[in-house]
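S.K.: One structure is given below, represented as structure tokens, and several questions about it will come after.
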């Protein structure tokens with residue numbers, strides 16, 4: 001996936017646009033309603049807002065348009081059919097508020113083989129629609145190598161049309177991680193046979209330790225796994241919709257919005273996701289990339305101190321044998337033979353460590369050094385040093401919290 005939405009939100013917020021159409025509509029798109037489109041393959045009562053491009057096919061809710069005569073009309077037909085199939089799943093049955101302008105006009109999807117990415121969606125404010133009406137741009141060149149990917153991108157961009165109805169662009173690029181995570185999951189739920197959405201799991205698997213809202217390195221796309229977890233284990237697709245509805249008319253951060261709808265601490269949710277991803281227990285885990293390990297031990301080390309993951313990110317540590325003690329302001333999960341479980345008496349298992357605060361450290365091993373002030377061995381994956389804070393244990397997806405700000409914590413060997 002190479003959706004350019006982060007660039008669009010940045011451009012709408014005042015940064016220089018990578019494509020002028022991100023902020024300035026083509027003249028044809030603001031010239032009033034085209035009405036019925038003579039010659040259209042699927043002429044309907046509603047027209048596009050503006051003038052039709054040279055080529056177009058129309059459905060009940062969308063018009064797919066293009067100007068380049070090399071674009072294959074069969075691809076336009078396939079994209080239109082996929083979008084029309086997604087509409088009832090998300091709007092009629094799913095309860096997402098319909099995109100701005102769609103009650104009167106067809107939603108315009110433009111095919112442009114010169115586009116700099118796989119696609120993007122923007123909004124154009126007018127007197128009729130001061131909040132902006134959405135237009136999606138898709139690159140059909142991506143379809144040539146992978147037609148199913150191109151169809152998934154189309155549904156992904158429809159997800160952004162829905163999102164603009166509820167959330168403006170004032171959060172800019174930093175807000176985009178959950179836009180992308182949601183549109184990737186929408187593409188799965190509204191087009192479940194395509195499955196190319198799962199390729200974006202790579203961007204989490206390569207950096208599971210990254211901060212939850214990181215935009216760089218396409219990490220937001222990989223956070224579709226959070227929505228997979230929320231959908232399958234917490235509150236269903238309607239809960240994801242409700243998170244967006246809760247964000248209507250405000251710029252409250254996504255962690256707070258998700259926490260409010262779920263009624264659970266966001267750190268607990270992120271730890272639950274990390275444990276399920278590591279255990280490969282989500283519904284389509286066989287399609288997801290395996291997260292990298294920060295360390296691998298044939299047997300539990302005596303004592304290691306490493307930098308904690310970034311906020312709500314996770315370290316995965318493989319332990320061949322021996323139960324370890326863990327200290328730090330973290331949540332823990334234990335993956336034993338592909339299942340979440342209690343702290344094992346012996347290995348092998350994967351220790352999943354999720355950070356609950358910024359800039360901390362994690363210590364783990366068989367026993368704490370006798371002299372706490374002495375220099376301790378440094379793991380190959382981190383650095384040594386002292387630390388303080390609380391801790392949280394996770395077992396079978398259940399979490400309990402015990403915090404002692406600034407206090408040295410007792411060693412623990414399993415969840416509370």
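S.K.: Quick one: which residue in 88, 113, 134, 99 is closer than 23 Å to residue 193 by Cβ and over 18 Å from the mean Cα position of the chain (by Cα)? Working first, answer last.
M.R.: On the way: 113 fails: closer than 23 Å to residue 193 by Cβ; 134 fails: closer than 23 Å to residue 193 by Cβ; 99 fails: closer than 23 Å to residue 193 by Cβ.
Going through 88, 113, 134, 99 in turn, the sole match is 88.
S.K.: Determine if the stretch 151-171 includes at least one residue that is more than 23 Å from residue 9 (Cβ to Cβ) and in contact (Cβ under 8 Å) with a residue 24 or more places away in the chain.
M.R.: yes
S.K.: Take residue 256 and tell me if it is part of a helix (DSSP H, G or I), in contact with a helix residue (DSSP H, G or I) (Cβ under 7 Å, 6 or more places away or on another chain), modelled with pLDDT of 95 or more and within 22 Å of residue 204 (Cβ to Cβ). Break it down stepwise before answering.
M.R.: Numbers: part of a helix (DSSP H, G or I): yes; in contact with a helix residue (DSSP H, G or I) (Cβ under 7 Å, 6 or more places away or on another chain): no; modelled with pLDDT of 95 or more: yes; within 22 Å of residue 204 (Cβ to Cβ): yes.
The answer is no for residue 256.
S.K.: Which pairs have Cβ atoms under 6 Å, sit 6 or more apart or on different chains, and link a residue in the stretch 71-87 that is touching a residue at least 12 places away in the same chain (Cβ under 8 Å) to one that is buried (at least 18 other Cβ atoms within 10 Å of the Cβ) and part of a loop (DSSP other than H, G, I, E, B)?
M.R.: Matching pairs, first to second residue: 71/140; 75/140; 80/59; 84/59; 87/61.
S.K.: Looking at 284, 276, 248, which is the one that is farther than 19 Å from residue 363 by Cβ and in the same structural domain as residue 197 (by TED's automatic domain parsing)? Show your work before the answer.
M.R.: Working: 284 fails: in the same structural domain as residue 197 (by TED's automatic domain parsing); 276 fails: in the same structural domain as residue 197 (by TED's automatic domain parsing).
After applying the criteria, what remains is 248.
S.K.: Now for a separate question. Could you give every pair whose Cβ atoms fall below 7 Å, whose first residue belongs to the stretch 9-32 and is in contact (Cβ under 8 Å) with a residue 40 or more places away in the chain, and whose second residue is exposed (fewer than 15 other Cβ atoms within 10 Å of the Cβ), counting only separations of at least 6 or pairs across chains?
M.R.: Qualifying pairs under 7 Å: 13/170; 18/116; 19/116.
S.K.: Looking only at the stretch 286-307, which residues are buried (at least 19 other Cβ atoms within 10 Å of the Cβ) and farther than 13 Å from residue 207 by Cα? Even if it seems obvious, please write down each step before you answer.
M.R.: Step one: list which residues in the stretch 286-307 are buried (at least 19 other Cβ atoms within 10 Å of the Cβ), which gives 288, 291, 294, 297, 300, 303-307.
Passing the criteria: 288, 297, 300, 303, 304, 305, 306, 307.
S.K.: I would also like to ask the following. Would you mind telling me which numbered condition in (1) within 25 Å of residue 328 (Cβ to Cβ); (2) at pLDDT 95 or above; (3) not in a strand (DSSP E or B) residue 305 fails?
M.R.: The one condition residue 305 does not meet is (3).
S.K.: Residue 131 fails exactly one of the following numbered conditions: (1) surrounded by fewer than 22 Cβ atoms within 10 Å (Cβ to Cβ); (2) outside any helix (DSSP H, G or I); (3) modelled with pLDDT of 95 or more. What is the number of that condition?
M.R.: If we test residue 131 against (1) surrounded by fewer than 22 Cβ atoms within 10 Å (Cβ to Cβ); (2) outside any helix (DSSP H, G or I); (3) modelled with pLDDT of 95 or more, just (3) comes out false.
S.K.: Within the stretch 283-302, can you find the residues that are in contact with a helix residue (DSSP H, G or I) (Cβ under 8 Å, 6 or more places away or on another chain) and more than 15 Å from residue 333 (Cα to Cα)?
M.R.: 283, 284, 285, 287, 288, 289, 290, 292
Residues checked against (1) crowded, with 24+ Cβ neighbours inside 10 Å; (2) outside the structural domain of residue 248 (by TED's automatic domain parsing); (3) out of contact with any strand residue (DSSP E or B) (no Cβ under 7 Å at 6 or more places or on another chain):
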position: 98; (1), (2), (3): no, no, yes
position: 110; (1), (2), (3): no, no, no
position: 119; (1), (2), (3): yes, no, no
position: 127; (1), (2), (3): no, no, yes
position: 168; (1), (2), (3): no, no, yes
position: 172; (1), (2), (3): no, no, yes
position: 179; (1), (2), (3): yes, no, yes
position: 189; (1), (2), (3): no, no, yes
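The values are calculated or read from the model by the stated rules, or taken from the named source; none is laboratory data. Owing to the predicted nature of the structure, the values given are computational and were not obtained by experimental measurement. Quick reminder, even Gly has a Cβ in these numbers, built from the backbone with ideal geometry, and neighbours come from all protein chains shown.
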